[in-house]
Every structure is written in structure tokens, then in C-alpha cells.
Amino acid sequence: MTVKNIVARELRVMFRKEPLLAIIILAIASIYTMFMGELYKENIVNYVPLVIYDQDQTEVSRALIQAFADSEKYQVVAQVLSQEAMESLMREKKAYAALSIPPDFSKNIKKGIGSEILLELNAANIVFANTIISSAQEIGGAFSGKIGMDLVESFGQMPSQAIRNAIPIQSRIRVVNNPTLNYSSFFILGVLFTAFQSCVLMAAGMAMMNEYENLAELKEVAPVKVVFSKVLTYWICGLISFFSGVIVAVEIYQVPFRGSMGSLFLLGGLFIFAIASMASLFAAFCRDKVTLVQIAVAYAVPAFMFSGYTWPQHAMNLFGKIISYTLPLTYTADNLRDLALGGYAPNLPASLLILLLFGLVMFGLSVMVYARRRKQSVQGVT
Amino acid sequence: MKLGMIIKREFRKLFIDDRISVILILGIPILYVILFGILYQENSIKYIPTVVYDQDQTQLSRTVIQAFADSEKFGIMSYVTSQEEMEECIRKKTAQVSICIPPDFGKNVKKGLASSVMIEVNGSNILFANSAIGSAQEIISAVSAGVGQKLIEAGGKMPDESLKKVAPLRMGLRVLNNPTYAYTNFILAGMGANGLQVGLILVVGPLINKDYRRLDELKEVASSTLLFGKLLVYWLCGSMAFAVYTLLSIVCFHLPCQGGIASLLLIAGAYVFAVVAIAVFVGTIAPDEVQAAALPLLYIMPALLFSGYIWPKMSMNAFGLGFSLVAPIAYMADNIRDLMLNGYAPHLWRDSLTLYTAGIVLFMISSVLFRWRRSRSSLEQR
């Protein structure tokens, strides 16, 4: 039997006998991408419910409230008349932020004493907290600058001079790669790779288990050929699945892709090789297919979290870093995002090399284990 | 006493014959909590690699840089002397943030012409970007206010008065529930809940499905009694797992626990009940054990992301909301975080009730289906 025959046999199994395998390897990555695309369609968190407690009720305080209301980041859900009512809305989660303006706010500002507003926020969910803090500072800062300008003008300075004195240093922020801090650009590709990894693990692992369950069938064929054909079949199917996932992300959900096709192909290809080889080794040590599936599913979430894709490696402790370095996803997901958003991944060559080595080691071990098991089983029979 | 018999049998099976299942149910959530507890131990992203391009080299520019260096958010990696080098650092990802101070910065500020500092941030990973943008703005406006104060002072005003003129509005921030924005507090409870459902769904589904092959063992027992006995056992195991991992996250990872034990148990019990009911349902409809384990792949990973635990529900579209409506974790994770961090969850009773109702309905559907499949298979046997 040649490699070609085994691949054909494998495809037959996949599409006729065990369609589950075909669904897992071909469809799930795209389905996941669609899920995530739908989830993050809004892209940024807007209209955070805000409650206002204005104890001042003057023109200045209303101008400040208006500044918050005008920002699309906030939606004023209520104006309350007491501290208790404000706290209660926060407690009941009807509002996630509360703006409290003290009495004599305007008077104090005009007197030149200055005043303080209080912004209360519910930080249990950090995604809300980030949005609130950065936009509130911006709105408050702009407002303060404007009032400061008026006050400095009252010293007899010209308006343009006054603003330069009131805000002598400005910060200009330029965000590269993902200028709108778009959540779907940030997230979708990583989830695609994670789902995809589980799929390759499962499908290639189950296919290899079929061989372990029936070691005698291919006893004439060299072990390296058997493992190679398996890995090859799932490599081809995996590549199709991977590219369809990327196409869904780019075409339907407008994730930018600025990198070259060549780099994408290399990255995807070597990743699938690494995972398919790992799966074929894995198959040797699983009790049954159910266990294999259980491990593949349970592996997905930690692998994603430790890959440095969301929580950066930079902020992990030593233990976290060690785990992170052992995961193929670490060398893939971040590079994919760099390629997509920046068009260039600085760590790509090193990562490709590591994936290749990882894949080769796994492949070699898998062939060795398979050869040994087969020998044992054939000897056992005779 | 049939129910008692079923329960006893199930316990024996779980703890003696099939120990791996109980290890998975208890082990996966605990493992998740340990892994993520370690992963997020640093709690916030500090010392973001920063590159400085100071074209001014004056006392003022150094003050700005010093302010960044003093903040633990930024870690200055290098000082460069050209725009190209700076861009290169961002491109190569040796730095995530660059601070560029224009020539004549100090001179312009002193002349009263104002000037700006340019901050470039790599937005690929939103976690870096959010953290960097927020604190950069804070630092710059603090330095700016200080400088502005001096400028007005130069006009012959008293220092205190000057400061109040240039920064008339101060913003007090009161951060509730998670004042240090600790990442562990934000995420750990949800990760544990996710681990719990992964363990339960992956294990219970295939175990229920397995019983189709041993139907003659339990011929006299009604389908609903049989399933209910199983459900009770896994409910207990799941609740135990919850107790263990919650205790672990409080003791080892310092997760605050403000809520009462009764409230925690109320929502956790409802959640485990609903999840087990889903697993029983999956086990009932799946054609075989492997598929019973593989089917939930489509549910498990998106469930946490769609639950509103991280990405808020108010920023989801109809599809996302629809998905979060049917995922038990969407009714549990947010409540458990509120209970842990705040001691009070506004939707506790409503959500617990929803989970129990959904669980009961699903369980009834499952027992009808189970009875039908059982009668069909016994007909076939005859």
C-alpha cells in the first residue's frame, strides 16, 4: 500500500463511515469564526448606562452632563436626587457608572477655588471599567481645560494664549495596527486558531486510534508511511478548514488582513503539522475515543489563555511562562494577529522553526510508538 | 426504594469502576482555577515595554520621561535617537509604546506656545493598549497641570490659586467592587464555572449514553427514575466540585468572598442542576458515546464568551443575546462574580429560578426521549 492508497482510504472513512470526523475537521473552525464574528459585531463597548446626581443644577454642571451625554460611550439612564438613589441604581446594576456633581460646583469654579466631581464605577467587569475610565478622563480633561481657559482669560490673557497656559502640554495618541481598538480584530483570529486546534487534535487523533484498534490491517506497510499518510490527510483537510475560517473572518466580519499569503500559508501549515503529529502521538495513550475528545475539549480553554494572545506573556509569572512556551498555540496565534493587523510579524521566523521542530519530534515519537505497539500486537497474535 | 438503588449503583460506578469520570468532574474545574489563578497572579499589566525618543533633551522633557519612568505601568526599555529606530522598536515588538517628544518642546512650553507629546501605542493586543492609553493620559495631564501652574505663577499669581485656575475640575474616581482592577478578581470565578460545565458535560453525556448499551440490566426501573437517580448523583458531585474550587480560589488566589454561603450555594446549585440536565439531554440524543463527548464542543467554548461575563450583553447583537439566553453560564457567572466581589447580586433569585425551571423542563424532555429510545431498542432486541 502506498501513501496515496492510505490517504484515499482515510478520506473514504472520513466521508462515508465517520462523517463526524469530516464535520469536526472541516466545518467547526468556520462555525466558531462566525460565532465570534457575531458576538463582537459591535466591536467596542458603547452606551454604558450612567446615572447622574447633580447637586448643583447650574449652567456649568449641565454643560458637564451634556458632555457625557454627547459621548457615545455613555447613555444617561437616570438623573437622581439623592445619594441613596444613585447607590441603589449602581447596586441593582441598572447603571455601571455614576457621576456625582457636588453642590456649589459652579460657584467654586467661578471663584477660582476649583471643584471636584466624583465618578463612581462598577469595576467587576474590567471591560466596562476600561471604557469608563479612559473616556471619563478624556471628557473631564477636555471640560476642565475649557473652563481653565475661561478662568485664565479672566486674568486678561487672550483666549488662544489662555488655552496654551491652561493646557501647556497635550498628549496626542496614535494607536497603530488596531486604531479603533476594535474587539473583533483583536479576538476573532485567536479563537479561530483555538477551535481549530481542538478540531485537528480530535479528528487526527480519532483517525489514528482507528489504526490502533486494528493494528493488523496495515502490518505490511512501513510505520512511517502509516503515520505520514494520516498526518497528511488531516494536514490537507485542516488547511482547507483553516483558510475557510480566515476567509469568513476577513470577508464577512471585516477583520483586516495585511500580511502576505505566503506567511499565512507557512504559519497555518506548520501549525497543523505540529498539532496533527501531536494528535497521532496522543492517540496512542488514550483509553478510548471518548477520553481523547474529552482531553481535546478541556485543553482548548487553558491553551488559549496561556498562549499570550489576550493576557500577555510579559505579565505572566515564571510558571505561566513555562507553560506558555510549551504550547504550539503560543507560536501561532499572536503571529497570526500581527500578520493580520500589522502586516508583519517580527517573531515569525523563530516561531515557524519551533513549530517545525515540535512537529518533527512529535511525528518521530508517534512513528516509534506505533511501530512498537504494532510489533507487540503482531507478536502477541503469533 | 428504586431511586436509592439507582443512586447507590451510580455512586459505586463513579467512585469504584469508573474513577476517571469523577476525577474529570472534580478535577477539570479545580485544574482550571489553579491554572488561571497562577496565570493572572500578577493581576495587572505593569512595566509595558516603552521606547523614548526625546528630540528636545531639556529639563522639561526629562520631567515628562521621568513621570513615565516613575509610573509602574511603563518600563522604559531604550532611548532612541531617530524616528526610524522608534518605529522599528514598535514594529519588532521590542516596545509596545513609544513616547516621542518634539524638538523645542521645552522652549515652546516656556514661551507659552504649548506643545504636545506624541504617544504611539500598538493596538493589536487591547489589554496593552487600554492600560497604556489610560495611564499615559493621566501622566501627561498631571505634568501639564504642574507646568501650567508655573506659567500662571509667572504672571504674578500665587501657586495654589494658579493650580486651581489651570485645573479647575478634578475628578475623583471611586471604583467599586474591584478597586485595583485585579484581573484575578475579574476572571477567576467565571473560569471556575466554565471548568465546571466542561467537566460535567464532557463526562455525564457519554456516561448516560453508555447506558443504552446496558439496558437489560435495569429493565424494571422507570426511565425517569433512572435518569433522576443519575442526575442527583452528578448534581451532588458538581456542587462538591464548586465548593472545592471556590474554596481554593479564596484561600490560594485571594479571591474576595463578600457574599453569603447560602446565596453562593443557591446559584451554584441551580447552575449545576441546569448543566447536568443539558448533559443528560446531550447523552440522550447523541447516537454514540464519542458524539456525546464531541457535540458539546460547539457549546462549551462560546458559552463563556457569550455569557456576558467578559463581553457585556448590552454590546451584543440579537444573535449573541439569543445564544446567551440558552447558556446556563450566562445566568450564573455574572451573579457569582457579583456575590464574590460585592456581596450582592441583583438578579440572584430570578436567575436561579430560571436555571431550575430550564433544568426541569430539559430533564422531562430527556426522560421522554430516553424512554422512547429504550423501548425501541428493546423491541429491536426481541
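The values are calculated or read from the model by the stated rules, or taken from the named source; none is laboratory data. Every value quoted in this text rests on a predicted model; they were computed, and no experiment measured them. Because the Cβ atoms are built from the backbone with ideal geometry, glycine has one as well, and the counts that use them run over all protein chains shown. For accessibility, only protein heavy atoms count, side chains too; no ligands or nucleic acids. Shrake-Rupley method; radii C 1.70, N 1.55, O 1.52, S 1.80 Å.
Which residue, chosen from B:Phe323, B:Ser44, A:Ala279, occupies the Cα position most advanced towards the positive end of the dipole of the protein assembly as shown, where the dipole is computed from +1 (Lys, Arg) and -1 (Asp, Glu) charges on Cβ about the Cα centre?
With unit charges placed on the Cβ atoms, the residue in question is A:Ala279.
If you take the accessible area of B alone, add that of A alone, and subtract the area of the pair, what total do you get in Å², probe 1.4 Å, to the nearest 100?
Using a 1.4 Å probe, the pair buries roughly 10400 Å².
Please give the charge dipole size of the stretch A:32-164, origin at the Cα centre, charges +1 on K and R Cβ atoms and -1 on D and E Cβ atoms. Round to the nearest 20 debye.
So the dipole magnitude of the stretch A:32-164 works out to roughly 160 debye.
Just how far, in whole angstrom, is the stretch A:313-377 from the stretch A:252-286 if you go by their alpha carbon centroids?
Each part's Cα centre sits 10 Å from the other's.
Counting other Cβ atoms within 10 Å, keep those with at most 15, restrict to DSSP loop, and tell me which trypsin sites (Lys or Arg not before Pro) in the stretch B:65-136 are left.
For trypsin sites (Lys or Arg not before Pro) across the stretch B:65-136 that sit outside H, G, I, E and B with at most 15 neighbouring Cβ atoms in 10 Å, the list reads B:Lys92.
Using alpha carbon centroids, what distance separates the stretch A:195-210 and the stretch B:84-144, in Å?
46
Hey, what angle do you get for helix A:28-39 against the long axis of chain A, alpha-carbon based, 0 to 90 degrees rounded to 10?
Orientation of helix A:28-39: about 10 degrees from the principal axis.
Rounded to the nearest 5, what % of DSSP beta bridges with both residues in chain B are antiparallel?
Approximately 25 percent, going by the DSSP bridge assignments.
Roughly how many debye, to the nearest 20, is the charge dipole of the stretch A:182-381 about its Cα centre, given +1 on each Lys and Arg Cβ, -1 on each Asp and Glu Cβ, and no other charges?
Using Cβ point charges on Lys, Arg, Asp and Glu, the stretch A:182-381 gives about 440 debye.
Counting pairs of alpha carbon atoms under 8 Å apart in space and at least six apart in sequence, what relative contact order in percent does the stretch A:48-176 give?
Computed value for the stretch A:48-176: 24 percent relative contact order.
With a probe of 1.4 Å, find how much accessible area the protein assembly as shown has per residue, and write the answer as a whole number in Å².
Counting only protein heavy atoms, the per-residue value for the protein assembly as shown is 40 Å².
Mind telling me which of A:Ile28, A:Ile113, A:Ile167 comes out most flexible in a GNM of chain A, alpha-carbon contacts under 10 Å?
Most flexible of the set in this elastic network: A:Ile113.
How high is the relative contact order of chain A, given as a whole-number percent (alpha carbon pairs under 8 Å, six or more residues apart)?
It rounds to 20 percent for chain A.
Ignoring ligands, DNA and RNA, what percent of the 1.4 Å accessible area of the stretch B:300-382 is carbon and sulfur?
67
Considering only DSSP beta bridges where both residues belong to the stretch B:48-166, give the percentage that are antiparallel (nearest 5).
Rounded to the nearest five, the antiparallel share is 25 percent.
Please report the antiparallel percentage of DSSP beta bridges with both residues in the protein assembly as shown, rounded to the nearest 5.
15
So, with a 1.4 angstrom probe, what is the percent of accessible area on the stretch A:78-215 that is carbon and sulfur?
Ligands and nucleic acids excluded, carbon and sulfur give 53 percent.
Compute the Cα gyration tensor for the stretch B:289-344, then decide on rounded, prolate or oblate, letting a ≥ b ≥ c be the square roots of its eigenvalues: rounded whenever a/c is under 1.5, prolate when a/b is larger than b/c in the other cases, and oblate in all that remain.
oblate
Gap in Å between the Cα centre of the stretch B:209-262 and the Cα centre of the stretch B:179-208?
With the stretch B:179-208 and the stretch B:209-262 each reduced to a Cα centre, they are spaced 14 Å.
Which value, in Å² rounded to 10, gives the accessible area of A:Val231 with a 1.4 Å probe and all protein chains present?
Only protein atoms counted, so the area is about 10 Å².
Quick check on the stretch A:48-176: take the gyration tensor over C-alpha atoms, sort the square-rooted eigenvalues as a ≥ b ≥ c, and tell me if it's rounded (a/c under 1.5), prolate or oblate.
oblate
Which residues make up the longest stretch of chain B clear of GluC sites (Glu not before Pro) that lie in a DSSP loop with no more than 15 other Cβ atoms within 10 Å, not counting the sites?
B:221-382
Among B:Leu321, B:Leu127, B:Leu200, determine the one that fluctuates most according to a GNM of chain B built with springs between C-alpha atoms less than 10 Å apart.
B:Leu127
Tabulate in residue order the Karplus-calculated ³J(HN,Hα) for the stretch A:137-153, using 6.51 cos²θ - 1.76 cosθ + 1.60 with θ = phi - 60°, rounded to whole Hz; enter x for Gly and Pro.
Along the stretch A:137-153, the couplings run 4, 5, 5, x, x, 5, 5, 4, x, 5, 5, x, 4, 4, 5, 5, 4 Hz.
Working from the alpha-carbon coordinates of chain A, get Rg over Rh, Rh being the Kirkwood radius.
Computed over Cα atoms, the ratio is 1.18.
How many percent of the accessible area of the stretch B:48-166 is carbon or sulfur, using a 1.4 Å probe?
Whole-percent figure for carbon plus sulfur exposure: 53.
Specify the longest stretch of chain A that does not include any exposed loop site, a site being one of the trypsin sites (Lys or Arg not before Pro) with a non-H, G, I, E, B DSSP assignment and at most 12 other Cβ atoms within 10 Å.
Formally, the longest exposed-site-free interval is A:1-257.
Using a Gaussian network model of chain A with C-alpha springs under 10 Å, which one of A:Gln75, A:Gln66, A:Gln254 is most mobile by mean-square fluctuation?
With Cα springs under 10 Å in chain A, the top fluctuation among A:Gln75, A:Gln66, A:Gln254 is at A:Gln66.
Find the relative contact order for chain B and round it to a whole percent, using C-alpha pairs within less than 8 Å whose residues are 6+ positions apart.
20
Can you classify the protein assembly as shown as rounded, prolate or oblate using the Cα gyration tensor, where a ≥ b ≥ c are the square roots of its eigenvalues, rounded means a/c under 1.5, and otherwise it's prolate if a/b beats b/c and oblate if not?
Because a/c hits 1.5 or more and a/b fails to exceed b/c, the protein assembly as shown counts as oblate.
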